């Protein structure tokens, strides 16, 4: 969350006794190629991470998957490069086109 929060326009905060969460994270174990997925739901949206695949991923691949799925929760679609590119690869920072889109989308 720190990468997205560093953008400064919105803050993604954890659930507390006085706030209602908008985004939940759960782990699943499904024998398929899914790394993670964002699910828009009534109430809190859910991001699911597939431990079946995560166990064989390097930390930077897991971080990219987390950045990617939170990007969907923030309204971003897939892109041909950067963290919003589909697939398993290492990317641990937000690229310039995502930062620009973020600023336009979340003014």
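For this structure, a couple of remarks:
- Residue in segment 4-20 that is at pLDDT below 90, surrounded by fewer than 13 Cβ atoms within 10 Å (Cβ to Cβ) and in a helix (DSSP H, G or I) present: yes
- Screening 56, 45, 27, 100 for residues that are farther than 23 Å from residue 10 by Cβ and modelled with pLDDT under 95 leaves exactly one candidate, 56.
- Matching residues in segment 94-105 - criterion: being surrounded by 13 or more Cβ atoms within 10 Å (Cβ to Cβ) and in contact (Cβ under 8 Å) with a residue 40 or more places away in the chain: 94, 99, 102
- Leading residue by the ranking (modelled with the highest pLDDT) among those in segment 67-87 that are surrounded by fewer than 20 Cβ atoms within 10 Å (Cβ to Cβ) and touching a strand residue (DSSP E or B) at 6+ places or on another chain (Cβ under 8 Å): 72
- Listed conditions (1) under 11 Å from the mean Cα position of the chain (by Cα); (2) touching a residue at least 40 places away in the same chain (Cβ under 8 Å) are all met by residue 10, apart from (1).
- Residue identified as surrounded by 14 or more Cβ atoms within 10 Å (Cβ to Cβ), under 12 Å from the mean Cα position of the chain (by Cα) and on the phi < 0 side of the Ramachandran plot among 64, 91: 64
- Restricting attention to segment 1-20, the residues that are within 29 Å of residue 100 (Cβ to Cβ) and in contact with a strand residue (DSSP E or B) (Cβ under 9 Å, 6 or more places away or on another chain) total 2.
The values are calculated or read from the model by the stated rules, or taken from the named source; none is laboratory data. All of these numbers come straight from a predicted model, not from anything done at the bench. All Cβ positions, glycine included, derive from the backbone under ideal geometry; neighbour counts span all protein chains shown.
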